[in-house]
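Structure first, commentary second.
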Amino acid sequence: MLSDDRRRDELLAEVASLYYEAGLSQGVIAKRIGTSRSNVSRLLSEARSKGIVEIHIVRPLPTDRSLQVHAVKLFGLRDAAILDSSWVPDTQILSRVGALAARYLESLLRDGDSLAISWGTALREVENAISSRHQQNVQVVQMIGGVGTIHPDVDGTELAHRFAGKLGGRHHYLNAPLLVEDPATRQALIQDVRIRRVLEMAAECSIALVGIGAVEPSVSSLLRAGYVTEEALIDLQRVGVVGDVCGWHFDIQGQVVDIDINHRIVSLDLAALKRIPHVVGVAVGKPKARAILGAIRGGLVNVIVTDNDTFKEVIHLNRDYPLNKDAGRVTKALNNCE
């Protein structure tokens, strides 16, 4: 026998179905269930407040198609999704690009797929925009160590949990910090059977979603998380570092630089990352343009999601800093630590 609360919820669901799905007016519904129109309005409001009705606003997300085609041809990308942000307020560009990335991700994912993720504010915006109505049983794998409780809403651990909730699957945590004290600690951690298994799962994913970090203090996630200081970022700039993907720091040529931090990152290794068929990089803002260019040149991402102003800056930098085709890819020392 149904409880009073259960009966109430059934009534709310029935009224909501008649109004939102069947398209009946509140007056017609009132006659059908024997109540007043004003009471039907109150029932619909209650249904929304109790989560029985969820309203999703699908914003128009115009893309710059010509720039997308140019991006793919210029850099040999697998794909590009570039928001036309001409009419978007600056404060909303990141959330709109996140929504564009969410739609792109939903177009790739199929029931039963596995998704590897990194961390950061861009990925938080992607997760915020994902609809829970499409895919089911998508496994979400954290492929970079966690930042802890300083910024839990952008941490890979929390994001893995939230992505999995939206995509109807399980989440798999990488139970390790993002950055450790020394290379020996890193080596010990990645040899741990539990951590190694999660990294192996990440390597087997068909899709990876990554943020692109920059060493500009105004946009540095590592600085906000307390892993580096402004002085450390300046030192990184001095040796040519422009950004990072999954913690791996690189220069504008796309070379991973042989520096201390790259020997202390707990993350999926570069070779495995590059073997994932779709590595979707999400980043916004001119301060990240150098990092985007380096990530593309280094093959750390093969799909880019951004806005047109940001990517036009990437194209300008590509002209100002020509690709050195004779440059090596990764130092022997870094290959050894992977």
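Give the Debye-formula value of log10 I(q)/I(0) at each listed q (0.09, 0.15, 0.16, 0.18 Å⁻¹), with one equal scatterer per alpha carbon of the range 25-160, two decimals each.
Evaluating at q = 0.09, 0.15, 0.16, 0.18 Å⁻¹ gives log10 I(q)/I(0) of -0.44, -0.92, -0.99, -1.12.
So how tilted is helix 193-203 from the main axis of the chain? Cα-based, degrees 0 to 90, rounded to 10.
For 193-203 against the chain, the angle is about 80 degrees.
How high is the relative contact order of the range 4-49, given as a whole-number percent (alpha carbon pairs under 8 Å, six or more residues apart)?
40 percent
Which net charge results when you count Lys and Arg as +1 and Asp and Glu as -1 among the other residues whose beta-carbon is under 14 Å from that of V242?
Summing Lys and Arg as +1 and Asp and Glu as -1 gives -1.
Using the count of nearby Cβ atoms within 10 Å as a rough guide to exposure, how do W248, W119, W87 rank from fewest to most?
Neighbour counts put them in this order, fewest first: W87, W248, W119.
Which cross-chain or sequence-distant (5 or more) residues have an amide H under 5 Å from the amide H of A214, H modelled 1.01 Å from N in plane?
S221, D244
Return the sequence-ordered ³J(HN,Hα) values of the range 93-103 in whole Hz as given by the Karplus equation 6.51 cos²θ - 1.76 cosθ + 1.60 applied to θ = phi - 60°, using x for Gly and Pro.
5, 4, 5, 5, 5, x, 5, 5, 5, 4, 5
For the range 65-337, what is the percent of antiparallel DSSP beta bridges, rounded to the nearest 5?
25 percent
Using each residue's phi in the range 288-300, evaluate 6.51 cos²θ - 1.76 cosθ + 1.60 at θ = phi - 60° and report the 3J(HN,Hα) Karplus result to the nearest Hz, with x for Gly and Pro.
Using θ = phi - 60°, the values come out as 9, 4, 4, 5, 4, 4, x, 5, 5, 4, x, x, 7 Hz.
How long are the three semi-axes of the equivalent ellipsoid of the chain, in whole Å, if each is the root of 5 times an eigenvalue of the C-alpha gyration tensor, listed from largest down?
Sorted largest first and rounded, they come to 43, 24, 17 Å.
Does anyone have the angle between helix 308-320 and the longest principal axis of the chain? Alpha-carbon axes, 0 to 90°, nearest 10?
The helix 308-320 is inclined about 10 degrees to the chain.
Tally Lys and Arg at +1 and Asp and Glu at -1 over the other residues with C-beta under 11 Å from the C-beta of G169: what net charge comes out?
After counting each charged neighbour, the total is 0.
Note down the net charge around W119, summing +1 for each Lys or Arg and -1 for each Asp or Glu among other residues with Cβ under 13 Å from its Cβ.
-3
What lysines does K312 reach when the alpha-carbon gap must be under 26 Å and sequence neighbours fewer than 8 apart in one chain are set aside?
K73, K274, K286, K288, K325
Have a look at T91, T157, T35 and tell me which one the Gaussian network model of the chain (Cα, springs below 10 Å) gives the largest fluctuation.
The residue with the greatest mean-square fluctuation here is T35.
Which values of log₁₀ I(q)/I(0), to two decimal places, follow from the Debye formula for the range 198-338 at q = 0.20 Å⁻¹ with a uniform point scatterer at every Cα?
Normalising to I(0) and taking log10 leaves -1.31.
Report the residue, chosen from Y104, Y227, Y19, that carries the largest GNM mean-square fluctuation when the chain is represented by alpha-carbon nodes joined by springs under 10 Å.
Y19
With the contact rule set at Cα under 8 Å and sequence spacing of 6 or more, what percent relative contact order holds for the chain?
Contact order relative to length: 16 percent.
Compute a Gaussian network model of the chain, connecting alpha carbons closer than 10 Å, and tell me which residue from V97, V314, V239 fluctuates the most.
Highest fluctuation of the listed residues: V239.
Calculate, in nm to one decimal, what R196 and S41 gain on full extension: separation in residues at 0.36 nm each, minus their alpha carbon distance.
Values: separation 155, 0.36 × 155 = 55.80 nm, distance 5.48 nm.
Length gained, R196 through S41: 50.3 nm.
Laboratory data are not the source of any read-out in this text; all were calculated from the coordinates shown. Please read these numbers as outputs of a predicted model, since none were measured by experiment. Because the Cβ atoms are built from the backbone with ideal geometry, glycine has one as well, and the counts that use them run over all protein chains shown.
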